[in-house]
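Working notes, structure below.
The values are calculated or read from the model by the stated rules, or taken from the named source; none is laboratory data. Computed from a predicted model, the values in this text were never measured in an experiment. Please note: Cβ atoms are built from the backbone with ideal geometry, for glycine as well, and neighbour counts cover all protein chains shown.
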Amino acid sequence: MHSPFLHAPAGAAHDHAPDPRRRLLLSSLALLALTGCGPDAPKLHGMDLSGMPTGDFQLQDTSGQERRLADYRGHPVMLFFGFTQCPDICPTALTRAIEIKGLLGADADKLRILFITVDPERDTPEILRAYTQAFDPGFIGLRGTAEQTRAAAQSFKVFYQKVPTGSSYTMDHTALTYLIDAKGTLRAALRHQQTAEECAQDLRTLL
Amino acid sequence: MKKISIKPLAAAFAVCALALFNQAAVAQDATLKIDEPWVRATVPNQHATGVFMRLTSSAAGRLVAVESDAAKHVEVHEMAMQDNVMKMRQVPGIDLPAGQAVELKPGGYHVMLIDLARQITPGDHIALTLVVEDAKQQQRRVPVDAIARPLNASAAPAADHAHKK
Ligand SMILES: [Cu+2]
């Protein structure tokens, strides 16, 4: 959790690892989360992103249908970037999403849960469909070309990079879950460490 | 084993000897306690998954490798969060301080099975061998039987750890 080897080896990335712009964004996000957006801002467990531009994407769902964020207008959205070979962060985030749905009760039916793969090379539509369905038949898996994936991630300020391991490769990626309200406005980002109960509270506050 | 003739008595003796040998192997490893070994089930064509467990070694040691027929490559990994970015790295080993439980769990250390031989479905038993080195750098091999939990198994599914942080 604190080992020096966790600093990505220079040159291993196609993206610049310690991107100063990302650092700036993250620190301003942290500041926003600390201060809120004024005295009336609701107290959130996650980072309050109200006022930040909402991202967008142009991807395909696992039935091959072209999808943009606007297609889910009218529904609150929980959006997560990940990859199916991930041994624990992605399954833990998706398992938490199931728990959150459970805590929301009847309101959960409106919620749309989107999982965008950052590893379209290995995550074929078939694997992505089987994977999301294994968690919850309602979860929506989205994937695109390398270029579409890059554009989607950039638009949500999501960082990802391929990292070689001994015999294969893994993906570093931002592990935030974004909350977008039914009007299509970005509201908050839930940190990976937050409990399902905290996430459900934020959803009730915001959506 | 192949040198033993198939006379019933000899065969019976061989079975007994084998049983004794196995017991001895396990007994020899009374130093390492392995709790709740489990592996996360996969969907068809998924290439990789993680194995988790809790290790308590009575004498200081180090987990230096893991082997399994379930996958072409078996690696020991550490997962960490940095600025909300998840990073996973292969580690050369995991120290096992004397008497201290070391958790391999979601969000931390895990054994990674890469290029799986086949899909793992909930309830499957996956055989692994832990290679543990003692303070004198003597290696020993400890068998583990990990049971597959569903893909959506949470970090702490056992009842007694339900809300442990
Ligand atoms: Cu791993």
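The residue list A:R187, A:R204, A:R150 contains one member that is away from chain B (no Cβ under 11 Å), surrounded by 20 or more Cβ atoms within 10 Å (Cβ to Cβ) and more than 16 Å from the ligand (Cβ to nearest atom), which is A:R187. Report yes if B:I120 is crowded, with 16+ Cβ neighbours inside 10 Å, part of a loop (DSSP other than H, G, I, E, B), at pLDDT 95 or above and not hydroxyl-bearing (S, T, Y), otherwise no. Considered against the rule, which asks whether it is crowded, with 16+ Cβ neighbours inside 10 Å, part of a loop (DSSP other than H, G, I, E, B), at pLDDT 95 or above and not hydroxyl-bearing (S, T, Y), B:I120 comes out as yes.
Taking segment A:127-171, which residues are modelled with pLDDT of 95 or more and among the acidic types (D, E)? Once the filter is applied, which keeps residues that are modelled with pLDDT of 95 or more and among the acidic types (D, E), segment A:127-171 yields only A:E147.
Against the list (1) within 20 Å of A:A200 (Cα to Cα); (2) surrounded by fewer than 18 Cβ atoms within 10 Å (Cβ to Cβ); (3) modelled with pLDDT of 85 or more, the condition A:G36 fails is (3). Within segment A:48-95, being under 13 Å from the mean Cα position of the chain (by Cα) and under 27 Å from B:H110 (Cβ atoms) holds for A:M78, A:L79, A:F80, A:F81, A:G82, A:F83, A:I89, A:C90, A:P91, A:T92, A:A93, A:L94.
A quick yes/no check of all residues on (1) at pLDDT below 90; (2) touching a His at 6+ places or on another chain (Cβ under 8 Å):
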{"residue": "A:L24", "(1), (2)": "yes, no"}
{"residue": "A:P42", "(1), (2)": "yes, no"}
{"residue": "A:Q60", "(1), (2)": "no, no"}
{"residue": "A:L69", "(1), (2)": "no, no"}
{"residue": "A:Y72", "(1), (2)": "no, no"}
{"residue": "A:H75", "(1), (2)": "no, no"}
{"residue": "A:G82", "(1), (2)": "no, yes"}
{"residue": "A:L111", "(1), (2)": "no, yes"}
{"residue": "A:L114", "(1), (2)": "no, no"}
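Just one of (1) more than 14 Å from chain B (Cβ to nearest Cβ); (2) within 16 Å of the ligand (Cβ to nearest atom) fails for A:I116. It is (2).
Scanning segment B:76-92 for residues that are at the interface with another protein chain (Cβ under 7 Å from one of its Cβ atoms), touching a Leu at 6+ places or on another chain (Cβ under 7 Å) and either in a strand (DSSP E or B) or buried (at least 19 other Cβ atoms within 10 Å of the Cβ) (or both) yields B:A80, B:Q82, B:N84, B:K87, B:R89. It is to be established whether one or more residues within segment A:105-115 are surrounded by 17 or more Cβ atoms within 10 Å (Cβ to Cβ), more than 26 Å from B:P44 (Cα to Cα) and touching a residue at least 12 places away in the same chain (Cβ under 8 Å). Yes, there is a match, as at least one residue in segment A:105-115 is surrounded by 17 or more Cβ atoms within 10 Å (Cβ to Cβ), more than 26 Å from B:P44 (Cα to Cα) and touching a residue at least 12 places away in the same chain (Cβ under 8 Å).
Only a single criterion out of (1) touching a residue at least 24 places away in the same chain (Cβ under 8 Å); (2) assigned to a loop (DSSP other than H, G, I, E, B); (3) within 12 Å of chain B (Cβ to nearest Cβ) is not satisfied by A:Q161, namely (2). Pairs are defined by a Cβ separation below 8 Å, a sequence spacing of at least 6 or placement on different chains, a first member in segment A:182-202 that is closer than 18 Å to A:F81 by Cβ, and a second member that is among the charged types (D, E, K, R) and crowded, with 21+ Cβ neighbours inside 10 Å; the pairs so defined are A:R187/A:D48; A:A188/A:D48; A:A188/A:D202; A:L190/A:D202; A:C199/A:R96.
Listed here are the residues, each with its yes/no results for (1) more than 30 Å from A:A188 (Cα to Cα); (2) within 13 Å of the ligand (Cβ to nearest atom).
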| site | (1), (2) |
| --- | --- |
| B:H77 | yes, yes |
| B:N84 | no, no |
| B:L96 | yes, no |
| B:G99 | yes, no |
| B:P106 | no, yes |
| B:Y109 | no, yes |
| B:R118 | yes, no |
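Of B:D95, B:D69, all but one fail to be assigned to a loop (DSSP other than H, G, I, E, B), at pLDDT 95 or above and of a type in the set (D, E); the exception is B:D69. Evaluation of A:S155 against the conditions (1) touching an Asp or Glu at 6+ places or on another chain (Cβ under 7 Å); (2) more than 10 Å from every other protein chain (Cβ to nearest Cβ); (3) surrounded by 16 or more Cβ atoms within 10 Å (Cβ to Cβ); (4) among the polar types (S, T, N, Q) shows that the sole unmet condition is (3).
Screening segment A:48-95 for residues that are out of contact with any Lys or Arg (no Cβ under 7 Å at 6 or more places or on another chain) and of a type in the set (A, V, I, L, M) and picking the one that is nearest to the ligand (Cβ to nearest atom) gives A:I89. Among the residues of segment A:72-93, are any in contact (Cβ under 8 Å) with a residue 40 or more places away in the chain, on the phi > 0 side of the Ramachandran plot and surrounded by fewer than 23 Cβ atoms within 10 Å (Cβ to Cβ)? So far as segment A:72-93 goes, yes, one or more of its residues are in contact (Cβ under 8 Å) with a residue 40 or more places away in the chain, on the phi > 0 side of the Ramachandran plot and surrounded by fewer than 23 Cβ atoms within 10 Å (Cβ to Cβ).
Taking the numbered list (1) at pLDDT below 95; (2) closer than 30 Å to A:M47 by Cβ in turn, B:E103 passes all entries but (1). If the condition is being under 22 Å from B:K72 (Cβ atoms) and part of a strand (DSSP E or B), then segment B:123-138 contributes B:H125, B:I126, B:A127, B:L128, B:T129, B:L130, B:V131.
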